[in-house]
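Accompanying notes for the structure given below.
The values are calculated or read from the model by the stated rules, or taken from the named source; none is laboratory data. Quantities reported herein were computed from a predicted structural model and do not represent experimental measurements. Neighbour counts run over all protein chains shown; Cβ positions are idealised from the backbone, glycine included.
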Amino acid sequence: MKSNLLEKDLDTEQELINDMASFTRDPLGFVDYAFPWGKGELEKHDGPDKWQIEELTRVRDSLKANPFMTIREAIASGHGIGKGAESSWLLLWAMSTCEDTRGIITANTETQLKTKSWAELSKWYRICITKHWFTLTATALFSVNPEHAKTWRIDMIPWSEDKSEAFAGLHNQGKRVILIFDEASAISDKIWEVSDGALTDKDTEILWFVFGNPTRTEGRFRECFRKLRHRWEHHQIDSRSCKMTNKEELNKMIEDFGASSDYCKVRVLGQFPSASSKQFIGSDIVDLAIGRKIDQNEYYFAAKIIGVDPAWSGKDATLVYMRQGNFVKFLGLYRNLEDDFKMAGYIGQFEDEEQADAVFIDYGYGTGIYSAGLQLNRHWMLIPFGAGATKQGYLNKRANMWGDMKDWMKAGGCLPKRQQLADDLVGPEYEILSTGANAGKLKLESKKDMDKRGIPSPSEADAVAITFAHPVIPKNRYQGKRVEGVNVPQSGNFANSAYDLLK
């Protein structure tokens, strides 16, 4: 009798192994099969939510189309949609359907990782049909087979910029690698960068999932939906669309704060905030300025000002922009150009082609270009960003120019559609000084401080901002002429832009 029972158990186990093999590239099939939906702890649950089904289906279809294509999935959402459950399912599926899978899960904080991410995995592990194949400890999930305990495992690892080696070592040639970031918005860009380099094994299933509330306007999680969106399958989930959430409480948030508030964008709608608490120019202002469509000819009366922001380090570029009234035009970007005379030649060419009225160059790294321009008989102006502001309330000239540029954008300024310009504009933070002789003045974050945060120099934005350094009277090129049926006054004392008329 005992022998017959043993044979029956072996048959059942072999059937389970065969079933798991059928789900190797089908995480949705695994989730439907592996958990007792409608029973016990899941008595009130009939299966995954719609967004979860959609993600599991995308993974399935991608793996079946090309199992060795790196899968990158980014999910930004409001609260309570079941991100922890989804992460747990993906980890248990990855482990149960591919021998010697290796993986890491991390989160924004060690507390989040231990009390929420790992606790959620523990819950689903407890009711998973393959539970007896693995051992779950306080920091790892691994095979019960001693010969595979070190090669078939998921590790819970709190991230640290000083100890990023664990993420660099996540290689598993010819097998499967899975990496999950929980509350990814607050995970350091350095950890993302190290993970990028680690997930490069050839002929390997590589799966990278990042989940989180979209709390920050910058960083790698934000860029999954912006600059790097072509690399990531990215989706934003409104909490009100999910069956697990308390709709009454969510609607109260909407009533109290408004759907367009950053509070509700982050916590309910799964949208990134317009601005962080320290961000000087919000993405909503930038989006409006870039989305505007205006004709440069509308501002025929305004001065044409060329702004130049020279490279301040080897990794940066020299940027050249031109502004005429509310219209801005990108002219050029030059990397690794150390010949000041050649750069001055390019600027002089732009000055002639655009019939520019003024050329403003950042004093900090532009003195060589300015001197070369003098030898070419060009009369340009150096703008010291650290000089005193011409308006009250700003610490220096740079903050003053950025303040004018921000007001101009809000009042109708139009910017070219350039992703780097958009990123530069939202990069700097600010503070209102509270002590000393400059108390009460607005200080814009320096390039060096931005670099410490891993944010590149906002060269494109500085090249636009410098066009606001001084008011400029246009040359008399229009006097006595008719421009598109409009009589141009004989006086050359024109306003620089529609914004100037409002000041």
Scan the range 191-230 for residues that are more than 10 Å from the chain's Cα centre (by Cα), crowded, with 17+ Cβ neighbours inside 10 Å, farther than 18 Å from Glu73 by Cβ and of a type outside the set (Val, Ile, Thr) and report the count.
1
Within the range 411-431, how many residues turn out to be modelled with pLDDT of 90 or more, surrounded by fewer than 14 Cβ atoms within 10 Å (Cβ to Cβ) and out of contact with any strand residue (DSSP E or B) (no Cβ under 6 Å at 6 or more places or on another chain)?
1
Answer with yes or no whether Ala21 is under 19 Å from Ser143 (Cα atoms) and small (Gly, Ala, Ser).
yes
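This table checks each residue for (1) of a type in the set (S, T, N, Q); (2) within 24 Å of Trp192 (Cβ to Cβ).
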residue	(1), (2)
Leu91	no, yes
Ala94	no, yes
Thr97	yes, no
Asn108	yes, yes
Ser117	yes, yes
Thr137	yes, no
Arg153	no, yes
I'm checking my understanding of the structure. Among residues of the range 154-190 that are buried (at least 22 other Cβ atoms within 10 Å of the Cβ) and of a type in the set (Val, Ile, Thr), which one is farthest from Leu141 (Cα to Cα)?
Ile187
Residue, surrounded by the most Cβ atoms within 10 Å (Cβ to Cβ), within the range 259-289, restricted to residues that are touching a Leu at 6+ places or on another chain (Cβ under 9 Å), part of a loop (DSSP other than H, G, I, E, B) and in contact (Cβ under 8 Å) with a residue 40 or more places away in the chain
Ile281
Top-ranked residue in the range 187-242 [being part of a loop (DSSP other than H, G, I, E, B) and among the aliphatic types (A, V, I, L, M); ranked as modelled with the highest pLDDT]
Ile187
Pair list, Cβ < 9 Å and 6+ apart or interchain, from the range 241-257 residues that are closer than 24 Å to Ile53 by Cα to residues that are of a type in the set (Phe, Trp, Tyr):
Ser241/Trp51; Cys242/Trp51
Which listed residue, of Thr467, Thr435, is without any contact (Cβ under 8 Å) to a residue 60 or more places away in the chain and hydroxyl-bearing (Ser, Thr, Tyr):
Thr435
Which of the residues that make up the range 132-154 are touching a Leu at 6+ places or on another chain (Cβ under 9 Å) and basic (Lys, Arg)?
Arg153
Residue among Ala76, Ala94, Ala85 that is among the hydrophobic types (A, V, I, L, M, F, W, C), touching a residue at least 24 places away in the same chain (Cβ under 8 Å), assigned to a helix (DSSP H, G or I) and touching a strand residue (DSSP E or B) at 6+ places or on another chain (Cβ under 6 Å)
Ala94
Within the bounds of the range 43-65, is there any residue that is acidic (Asp, Glu), closer than 23 Å to Leu113 by Cα and out of contact with any Cys (no Cβ under 6 Å at 6 or more places or on another chain)?
yes
Please go through (1) under 11 Å from Phe211 (Cα atoms); (2) free of Cβ contacts under 8 Å to residues at least 12 places away in the same chain for Asn66 and return the number of the only condition it doesn't satisfy.
(1)
Does Gly366 satisfy the criteria of being more than 26 Å from Phe327 (Cα to Cα), more than 23 Å from the chain's Cα centre (by Cα) and among the small types (Gly, Ala, Ser)?
no
Does Ser143 fit the bill of being assigned by TED's automatic domain parsing to the domain that holds Ser239, within 29 Å of the chain's Cα centre (by Cα), within 24 Å of Lys116 (Cα to Cα) and of a type in the set (Ser, Thr, Tyr)?
no
